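First up is the structure itself, then whatever we jot down about it.
What follows draws every value from the coordinates through simple rules; no lab data is involved. Please read all numbers here as calculations on a predicted model, not as lab measurements. Note: ideal-geometry Cβ built from the backbone for every residue, glycine included; neighbour counts use all protein chains shown.
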Ligand SMILES: Nc1ncnc2c1ncn2[C@@H]1O[C@H](COP(=O)(O)OP(=O)(O)OP(=O)(O)O)[C@@H](O)[C@H]1O
Ligand SMILES: [Mg+2]
């Protein structure tokens, strides 16, 4: 009983939450839809009334003959019935279109809410949280497909007004012309059928949404098989068979659970409800027939009673315009709310200490990680464990460490994308949380390891480093020049205005290394326009050896005065840093200058020696390529030579990758 009460409460609560969303469709539209649905609910009853009166008038009309007043009465009731039928036919499509409009409006608002929640999140936690990602995936799929959305649930909810108006009116007619207990019995049977249908869908729907992770997995395999992104590897590694087999297995596992549950949910209750409905409706109709036979009710009353009873019983079916919509739309809306709450929960963890300080000019002495602990939400494994680290202002600190050592995590904490779970980060002795998050972030120019490749123009891709100055073409060109990508971008069909995505008209695709230089340019653009901390997480991973060397030749120039944090697996990059820190097991195990660390002969020295052997081979290979390049170079001389840079856009040597240097083979590749 307690469970039953709770389930009724839950159902009412879901309907109420959807009902609260309805007004976002606009007062005028919602009112029109309610009125429309009320009318559509009453019209079938008007039809039943008119046809029943018509049947009652037939004997008198037959006796009176064509043209008699009784005949005219018959025709009048026929006209009313026909009008009720006709208006119903006209209004039904209007109801559908208005419902669709309401759904779209509400879904538009829901989209805005999702985007708002996603962008409002201070940290990155919600967008890396699997539970929230599941919610988001479910909602986005439904919105993108325009199927099972919260908006459709709203339209479905209003469509129920028509159905239940009709049911109540039919029961009222039965009660009025025949007997109130019969009306109640019919209501009970109809609602029992509805419970069988709608309740079953509810249980079934919960199963569907419980299996989101499994569905996501299946969808991932399907998308991987169809979309071009993985096409190369699937073919080269011969993954096609494995992929389709895996997809089939996951899908089958998911569906067999659904099929088994569906039998359990629908079959037995269906038999019970049908038996109950059969007995009650059979008894009611038999009693009605017996009463009519005894002459206690008129022919009109008999026709009314019969038609109204059948109309009521028919409403025990499932409602295609409302049931799946409300059920799955409610789930979609649950997903929206869960995502919003999840974001809000994460945001509560972002602390703002008072009084709020202005980070302008910071850091002037150092950034200090003081006994910083960190583990990702949902995981107990510490990534950083009592980490002590100092980044001196105006100097370059490099962090090295094996994969998974926590280097990128360090960057996320510095950018306040996550909050430490213990310890503090101090900027010139002040807790980082004393600075406004947005103000603090404006101090940082960063290239993330998985930096973004915006499907926008080259200028936008660089200008995003300081959005308020994104229109300053001169500065954008200067940053591109420093990153060694200007000549390449100038060669694109529309120069810096070329969209960096082939799917757009006039768009071009860059190579991995060229993209990385665009990202470097973005960070440098930030640095030139207000940021004073430069964070480079694997900035040269995709650059060829020479381009990397050229970048670091100019590194000191480019980062002059900035506090730089350089993360790299390439020791050729790392050795340029003023100070090198080795991270392992969540804390600093060694630190010092390149020479000091080599002399100490610890982990750094070991890793350096390992790479130095390979690096020597690379160098040799690179020289061989240089020679080949020189022979086959057909580019007009000087295209990318220092002199080709517009005057004033940085020093002549500001093209660190040497775009016109004989060896810059990658840079001279025509960009398609
Ligand atoms: N969003 C996340 N949620 C949970 N765990 C994460 C998340 N991101 C990283 N981790 C885990 O935290 C640890 C540190 O990851 P991090 O990315 O900081 O390593 P890294 O030192 O940058 O490695 P790499 O050299 O491969 O870039 C890893 O074990 C990783 O699995
Ligand atoms: Mg990393």
Next item on the list: For a footprinting-style exposure proxy, rank 482, 105 by other Cβ within 10 Å, fewest first.
Entry: 105, 482
Check: R0 = 51 Å: FRET efficiency of residue 370 with residue 234, Cβ-based, nearest 0.05?
Finding: 0.60
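Between residue 7 and residue 509, what's the calculated FRET efficiency when r is the beta-carbon distance and R0 is 51 Å? Round to 0.05.
Details: r = 55 Å, r/R0 = 1.07.
Rounded to the nearest 0.05, the efficiency is 0.40.
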Notebook entry, point to check: Kirkwood hydrodynamic radius for the stretch 45-96: how many Å is it when counted over pairs of different Cα atoms?
Noted result: 11.6
Checklist line | Extension gain from residue 317 to residue 595, taking 0.36 nm per residue of separation minus the Cα-Cα distance | finding: 91.9 nm
Margin query: Quick check: the distance between the Cα centres of the stretch 202-224 and the stretch 80-94, to the nearest angstrom?
Written below: 41
Next item on the list: Using only alpha carbon pairs under 8 Å that are at least six residues apart, calculate the relative contact order of the chain and give it in whole percent.
Entry: 13
Check: Can you put 504, 454, 273, 604 in order, fewest other beta carbons within 10 Å first?
Finding: 504, 454, 273, 604
Item checked: Taking N as its residue count, the alpha carbon Rg of the stretch 366-444 over 2.2 N^0.38 Å -> 1.06
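What translational diffusion coefficient, in µm²/s and rounded to a whole number, does the Stokes-Einstein relation yield for the stretch 2-345 at 20 °C and a viscosity of 1.002 mPa s, taking the hydrodynamic radius as the Kirkwood radius over Cα pairs?
Result for D is 91 µm²/s.
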Note to self: Under 10 °C and 1.306 mPa s, how fast does the chain diffuse according to Stokes-Einstein, given a Kirkwood radius computed over C-alpha pairs? Answer in µm²/s, whole number.
What the structure shows: 51
Next item on the list: Give the order of 55, 447, 432 when sorted by the count of other beta carbons within 10 angstrom, beginning with the fewest.
Entry: 55, 432, 447
Checklist line | the stretch 234-257 and the stretch 6-30: distance between their alpha carbon centers, rounded to Å | finding: 40
Margin query: Compute the distance from the alpha-carbon center of the stretch 416-467 to that of the stretch 119-145, in whole Å.
Written below: 21
Notebook entry, point to check: DSSP beta bridges in the chain, what fraction antiparallel, as a percent rounded to 5?
Noted result: 50
Check: Using only helices, what value at 222 nm comes out for the chain when you add -39,500 (n - 2.57) per DSSP H run of length 4 or more and divide by the total residues, to the nearest 500 deg cm²/dmol?
Finding: -20500 deg cm²/dmol
